[in-house]
1. State all residues of the stretch 95-117 that are surrounded by 12 or more Cβ atoms within 10 Å (Cβ to Cβ) and either in contact with a Pro (Cβ under 9 Å, 6 or more places away or on another chain) or assigned to a loop (DSSP other than H, G, I, E, B) (or both); if no residue qualifies, say none.
2. In this structure, does Glu75 turn out to be modelled with pLDDT of 80 or more, within 28 Å of the chain's Cα centre (by Cα), within 30 Å of Glu123 (Cβ to Cβ) and acidic (Asp, Glu)?
3. Being within 30 Å of Ile120 (Cα to Cα), in a loop (DSSP other than H, G, I, E, B), modelled with pLDDT under 75 and open to solvent by 90 Å² or more (accessible area, probe 1.4 Å) is the filter here, so list the residues in the stretch 10-56 that pass it.
4. Quick check on the stretch 57-66. Is at least one of its residues part of a helix (DSSP H, G or I), modelled with pLDDT of 85 or more and open to solvent by 70 Å² or more (accessible area, probe 1.4 Å)?
Amino acid sequence: MSLHDFLPILIQVLLASGIAGAILSANWLLGQRAGHHPRKDSAYECGMNPIGDAQPRFAVKFYVTTMLFILFDIEVVFLVPAVLVYREFVAAHLPMVGPILFFVAVLTLGLWYELKKGAIEWER
């Protein structure tokens, strides 16, 4: 490869840098200049004053709920493609229902275990 092959990339980088520089310069030249005020310069956090620790500790139940959500989200990610190609598998005489039912049974067993352990009970 020669340097001539990289000319389009160089043009794109120069064009992007030029546009970014032009936008920043226009903002600096034409933008509003306001006086600094402590209330206006502070971070806005949904109507609450940003005081205290930036990373509060959360209870473990939130993490368990998150893991359960991820578990069933992944279940959907694996089941939707299987449902979409179901006709092609049946037409090719390939077994499709058995693996899907096994997958759902394993996830149901995991959900049953989590319910028995009390992972979804908020009062604990």
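The values are calculated or read from the model by the stated rules, or taken from the named source; none is laboratory data. Quick caveat: nothing in here was measured; it's all calculated off a predicted structure. All Cβ positions, even for glycine, are placed from backbone atoms using ideal geometry, and neighbour counts span all protein chains on display. The area values use the complete protein model at the heavy-atom level, side chains included, leaving out ligands, DNA and RNA. Shrake-Rupley method; radii C 1.70, N 1.55, O 1.52, S 1.80 Å.
1. Within the stretch 95-117, Met96 is the sole residue that qualifies.
2. Working: modelled with pLDDT of 80 or more: yes; within 28 Å of the chain's Cα centre (by Cα): yes; within 30 Å of Glu123 (Cβ to Cβ): yes; acidic (Asp, Glu): yes.
Yes: the conditions hold for Glu75.
3. Cys46, Asp53, Ala54
4. Here is the first cut: in the stretch 57-66, the ones part of a helix (DSSP H, G or I) are 60-66.
Narrowing further to those that are modelled with pLDDT of 85 or more: none.
No, the stretch 57-66 has no match at all.
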